[in-house]
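Enquirer: Shown below is the structure under consideration.
The values are calculated or read from the model by the stated rules, or taken from the named source; none is laboratory data. Since we're looking at a predicted model, the values are computed, not measured. Positions of Cβ are backbone-derived with ideal geometry, glycine not excepted, and every protein chain shown enters the neighbour counts. The area values use the complete protein model at the heavy-atom level, side chains included, leaving out ligands, DNA and RNA. Shrake-Rupley method; radii C 1.70, N 1.55, O 1.52, S 1.80 Å.
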Amino acid sequence: MLERTLPRRHLFEFGDLDIPAVFHDLMTDILGHISKMGLYDAMVPIINEVIQKQHCSTIIDMCTGSGEPAMLLREKLENEFSCSINLILTDKFPNQEKAKKLNGLQDVIYYQTPVDATALPSELKGLRTLFASLHHFKPEQVQAILQNAVDNNQPIAALEFTERSWTRALFMIPGTLHVLAITPFIKPFSLSRLFWTYLLPVMPAIYFWDGLVSNLRTYSAVELKEIVIHLHDN
């Protein structure tokens, strides 16, 4: 259960805005690198259980960004459970460089055109996943995302590591310092990333603000259950 010491505030995040693609891409690369630190390891057995029960052969990742969390999930499912999965990656602001690279892999498709998570194309069948992105949506949009899954009879999993608590909000200060330390090691190496991190510290500012707001936006279990109650034909 999330701490309820802070009210939910749906403030803006730079990642939701139509800012230059370079900033979207650099931010998704940072988040992709951080995801490699085991943030989502605990959910792998749960996802495997859902896949087996629902007989899914495909994962459709929404708001995928770099695609790294979904790629890591696929790798762990294959290594730990011998589960062969096709992967479809979608985003409102596709990371074009990542898309070109990942589309060269077997059984992976990264849509290079924008895809709205609230109205996923009906032809996309499989387990829908959202990594650290459900909080980006307002309650009515969350309901639309879940209703779309129900209407198409597809399972869905939203995975968050943020919390609406003072502890997590204050953690963004050392968290941003950590990003400054790891930036030279983020792949692919980018002079642009170094420029916008150290010479003009745009990326640390974006990371700090978006991380802070992500915690303030995160839904509690009680709030999500309230949204689920109002789904039609659930």
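Enquirer: I'd like the full set of residues that are among the hydroxyl-bearing types (Ser, Thr, Tyr) and assigned to a helix (DSSP H, G or I), limited to segment 140-176.
Expert: 167, 176
Enquirer: Then there is this: Please state which of the following conditions residue 20 fails to meet, knowing it meets all the rest: (1) over 22 Å from residue 218 (Cα atoms); (2) modelled with pLDDT of 95 or more.
Expert: It is condition (2) that residue 20 fails.
Enquirer: (1) at pLDDT 95 or above; (2) closer than 27 Å to residue 196 by Cα; (3) in contact with a Lys or Arg (Cβ under 7 Å, 6 or more places away or on another chain): which one isn't true of residue 131, the others all being true?
Expert: (3)
Enquirer: Taking residue 202, is it on the phi < 0 side of the Ramachandran plot, in contact with a strand residue (DSSP E or B) (Cβ under 9 Å, 6 or more places away or on another chain) and open to solvent by less than 60 Å² (accessible area, probe 1.4 Å)?
Expert: Judged against the criteria, residue 202 is not a match.
Enquirer: While we're looking at this one, here's another question. Looking at segment 125-139, which of the residues that are of a type in the set (Lys, Arg) and in a loop (DSSP other than H, G, I, E, B) is farthest from residue 86 (Cα to Cα)?
Expert: 138
Enquirer: Now for a different question. Among the residues of segment 37-86, write down those that are under 27 Å from residue 27 (Cα atoms) and among the hydroxyl-bearing types (Ser, Thr, Tyr).
Expert: 40, 58, 64, 66
Enquirer: Still on this structure, I have one more. When segment 91-106 is examined, which residues are found to be of a type outside the set (S, T, N, Q) and either in contact with a Pro (Cβ under 9 Å, 6 or more places away or on another chain) or under 23 Å from residue 192 (Cα atoms) (or both)?
Expert: Hits for segment 91-106 are 91, 92, 93, 94, 97, 98, 99, 100, 101, 102.
Enquirer: Could you say whether any residue in segment 128-138 is open to solvent by 40 Å² or more (accessible area, probe 1.4 Å) and under 19 Å from residue 221 (Cβ atoms)?
Expert: Yes, segment 128-138 contains at least one residue that is open to solvent by 40 Å² or more (accessible area, probe 1.4 Å) and under 19 Å from residue 221 (Cβ atoms).
Enquirer: Only residues in segment 67-85 that are farther than 13 Å from residue 43 by Cα count as the first member; pair them with residues that are open to solvent by less than 70 Å² (accessible area, probe 1.4 Å) and of a type in the set (A, V, I, L, M, F, W, C), Cβ under 6 angstrom, at least 6 apart or cross-chain, and list the lot.
Expert: 67/89; 67/102; 83/77; 85/59; 85/77
Enquirer: May I pose another question? Give the residues of segment 205-234 that are open to solvent by 50 Å² or more (accessible area, probe 1.4 Å) and in contact with a helix residue (DSSP H, G or I) (Cβ under 7 Å, 6 or more places away or on another chain), sorted by residue number.
Expert: 208, 209, 228, 230, 232, 233, 234
Enquirer: A follow-up question, please. Considering only residues that are among the charged types (D, E, K, R) and either crowded, with 16+ Cβ neighbours inside 10 Å or in contact (Cβ under 8 Å) with a residue 24 or more places away in the chain (or both), which ones fall in segment 139-169?
Expert: 151, 160, 163, 164, 168
Enquirer: I'd like to check something: does segment 100-110 contain any residue that is modelled with pLDDT under 95, open to solvent by 40 Å² or more (accessible area, probe 1.4 Å) and part of a helix (DSSP H, G or I)?
Expert: yes
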